[in-house]
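Only one structure is covered here, and it is reproduced in the block below.
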Amino acid sequence: MASSSGTSSGSSFLQNSGSEEDLQQLMDQRKRKRMISNRESARRSRMRKQKHLDDLMGQVTNLRKENNQILTSMNVTTQHYLNVEAENSILRAQLSELSRRLESLNEIITVLDANNNCNGLVMDHNEPYSFNFAQNDIMLDGFNVTNSWNYLSANQPIMTANVLQY
């Protein structure tokens, strides 16, 4: 019986040893599957990160392009603003010059009225006055008053007629 019990225990040992090997193989197989799964997961993660990085680089490119367009537009707008400011400054100077001319002409009319009143002449102010800015001639009722203009304005420079082209 001893032999039979020895055989029985030996066979039991072989079964245990076989089941331990099977268990070890099963654990190794699970471990390999887990490693493969982890590697695949890491690969997918790297791919997602790379795609995200590519998307961000695309955004950077688009934002830089948009930024350059905005800067170009801003430069054009600034240049346009400076041109308008310069033109506005010229127009203000022309307005000032024309206002001084008008004031001087009104003074001439006042002087002529005073001279004519002293001479017993009465001026009809319904008659049109003629001004030729290009030649600096002023006609008042057919009378050239350029000399009176020079007398009152003390030979101040007068802008030419091209200011009226606007």
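The values are calculated or read from the model by the stated rules, or taken from the named source; none is laboratory data. Because the structure is a prediction, the values reported are computed rather than measured. Note: ideal-geometry Cβ built from the backbone for every residue, glycine included; neighbour counts use all protein chains shown. Areas reflect the complete protein model, heavy atoms only, side chains present, ligands, DNA and RNA absent. Shrake-Rupley method; radii C 1.70, N 1.55, O 1.52, S 1.80 Å.
Key figures
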{"item": "Meets criteria (modelled with pLDDT of 95 or more and part of a helix (DSSP H, G or I)) for residue 75", "result": "yes"}
{"item": "Qualifying residues in the stretch 104-124 (those that are of a type outside the set (A, V, I, L, M) and surrounded by 10 or more Cβ atoms within 10 Å (Cβ to Cβ)) - the one modelled with the lowest pLDDT", "result": "117"}
{"item": "Residue 91 vs. criteria in a helix (DSSP H, G or I), of a type in the set (A, V, I, L, M) and open to solvent by 100 Å² or more (accessible area, probe 1.4 Å)", "result": "no"}
